[in-house]
Amino acid sequence: MSLVSLKFALFLLVAVIGYYRIPKKWQWIWLLAFSYVYYASAGLKIVPFLLFSTGVSYLAGRMLDQIKNSQTEKTLKQKRKRFVLLLTLLLDFGMLVVIKYTNFALINMNRLLDLHLSLQTFLLPLGISFYTFQSAGYIIDVYWEKYEAERNPFRFALFVSFFPQILQGPIGRFDRLARQLYEEHEFNWPRMERSLQLILWGFFKKMVIADNAARVVGEVFWGNNYQKYTGTTILVAVLGYSIQLYGDFSGGMDVVKGAANLFGIELDENFKRPFFAVSIADFWHRWHITLGTWMKDYVFYPLSLSKTMNRFGKSARKLLGKNMGRALPICVVNIIVFFIVGAWHGANWKYIAYGLYNGLIIGFSGLMMPTARKWKIACHINDKSTAWRIFQIFRTFILVNISWYFDRADNLTHAFALMQKTVTDFHFSDFLDGTLMLKGVSQIGLHLYNIVLLGCVVLFIVSYYQEKGVRIGEVLRAKPVALRFVVYLLLLYALPAFGTLSSSGGGFIYAQF
């Protein structure tokens, strides 16, 4: 059930009406029931995977609490806790790895060793990466004694399965989300209006901007279609994919946050105007924020503070000096983290390359930071100036768009072929002679471009003021009712007039991860 479909709108309407009509002490049970109905609507066969992850993490949390409160000697207690943690992570991530990466491993073994191992058929449950990471974060926090484990298995099941976020995030933290799920909520009209604003804005970004951009992008990237287009067209398609992904992901997050807020639940921010980023590191602080903070808290810091990295850092400082020796271990850890991020996206070498590309840039930037400071001083660059900030944003935008070749191509070979043709077959004249009107969509090409361009203008204006600290929603809600009504009607009109509207809706890119 797509988040931008009539089915979901009706499902959400029934869920919200019932939520505020039943006794408040049963509200969390109502949410649990609707969460499982929502997940089961994608197929009953995928429900056992969700139950397995939920059950394993719940039981592990209770066991960790029992060990913590036992009278066992401290060293033995820590060993037992570590065993429970490792076993739980092995079971949770083992299920994810087997499902997503078995065939990837078999294909590569066949190629490298000239074997003929048969590929396996696995059911890929929707959202498995998201609820696995959410459950894993919970169990690590319980192991670190950040909070006590949830005692009620049904309440914990709601934390794992809360339906707005289960398919594509954000990845929630138990200490920030669980309390909101279980507490009682009163109906509040200002909150309802704020939530509906956010949902409507998310629909606009997804259906009007992303889905229209996808029609152009898909024409160029489909199979070997790129061979009949110039490098200029490929570059425009990559920029189109950037627009598509932005609208798709940020639009989806708006719908998710708005849907959750209808029940009085505030989800973590997951998307914060990433194309205003001034570096790749800043970009990842704004793009899929909860994945980045998950990696930072549960991978980056534990690795950085590990004994192995401490020894490596000491050796590096002896060989390379204080500054470089201190930065090199951080560089290595960043590469490891983004290797994992790449693998998280999918079982394909293109995603590994995507992750390593980002990790190498961030790692190299950290190594070069002292040198970069010297260059700026020597060139008399004012790094507080508007011109320098615009340069940084533009530079980051270029680097990000290079990474989209890996993300959108069918495979790694395809990505490099697209890059090569972009460079070797680029012609400025293509912008003037109609070449960019793609053959596959020639009859509606200009119409699509105009819709996407106009949508991007609206999106940029809103994002610019948000970046300046203006809360657009609050500004709009402060206006007269008549004016707000007109704005809402215009957005509603734009959905069927310029976007895609159906009973099933369009899928989200990040839901496949």
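The values are calculated or read from the model by the stated rules, or taken from the named source; none is laboratory data. Everything quoted here is computed from the prediction, not taken from an experiment. Here Cβ is always computed from backbone atoms with ideal geometry, including for glycine, and neighbour counts include all displayed protein chains. SASA here: full protein model, heavy atoms, side chains in, ligands and nucleic acids out. Shrake-Rupley method; radii C 1.70, N 1.55, O 1.52, S 1.80 Å.
Which cross-chain or sequence-distant (5 or more) residues have an amide H under 5 Å from the amide H of PHE271, H modelled 1.01 Å from N in plane?
Under 5 Å from the amide H of PHE271: ILE289.
Positive end of the charge dipole of the range 236-359 (Lys, Arg +1 and Asp, Glu -1 on Cβ, about the Cα centre): tell me which of SER250, PHE271, GLY325 has its Cα farthest that way.
Positive-most Cα among the choices belongs to GLY325.
List, in the order given, every pair from LYS74/LYS307; LYS205/LYS374; LYS206/LYS376; LYS318/LYS376; LYS296/LYS384 whose Cα-Cα distance in the structure shown is over 31 Å.
Pairs exceeding the cut-off: LYS205/LYS374; LYS206/LYS376.
For the chain, what % of the accessible area comes from carbon and sulfur atoms, probe 1.4 Å?
66 percent
For LYS81, which aspartates and glutamates qualify as cross-link partners when the Cα separation must be under 20 Å and same-chain residues fewer than eight apart are set aside?
ASP65, GLU73, ASP92, ASP141, GLU145, GLU148, GLU150, ASP297
As I understand it, the dipole of the range 69-181 uses +1 on the Cβ of Lys and Arg and -1 on the Cβ of Asp and Glu, about the Cα centre. Which of LEU85, TYR147, PRO170 lies farthest toward its positive end?
TYR147
Per residue, how much space in cubic angstrom lies within the convex hull of the C-alpha atoms of the chain?
195 Å³
Accessible area per residue of the chain at 1.4 Å probe, in Å²?
50 Å²
State the Cα centre-to-centre distance between the range 348-396 and the range 170-225 in whole Å.
30 Å
Going by average Cβ neighbours within 10 Å, how do the peptides 84-95, 207-218 rank, with the highest at the top?
Averaged packing, sorted descending, gives the order 207-218, 84-95.
Using alpha carbons only, how many angstrom separate the centre of the range 65-112 from the centre of the range 1-51?
The distance from the Cα centre of the range 65-112 to that of the range 1-51 comes to 31 Å.
Across 10 Å bins from 0, what is the distribution of all Cα-Cα pair distances for the range 112-258, in whole percents?
10, 24, 25, 23, 13, 4, 0
For the chain, what does -39500 (n - 2.57) per DSSP helix run (n ≥ 4), summed and divided by total residues, give at 222 nm, in deg cm²/dmol to the nearest 500?
Helices in the chain give a 222 nm mean residue ellipticity of -23000 deg cm²/dmol.
Based only on the alpha carbon positions, what is the Kirkwood hydrodynamic radius of the range 203-353, in angstrom?
18.4 Å
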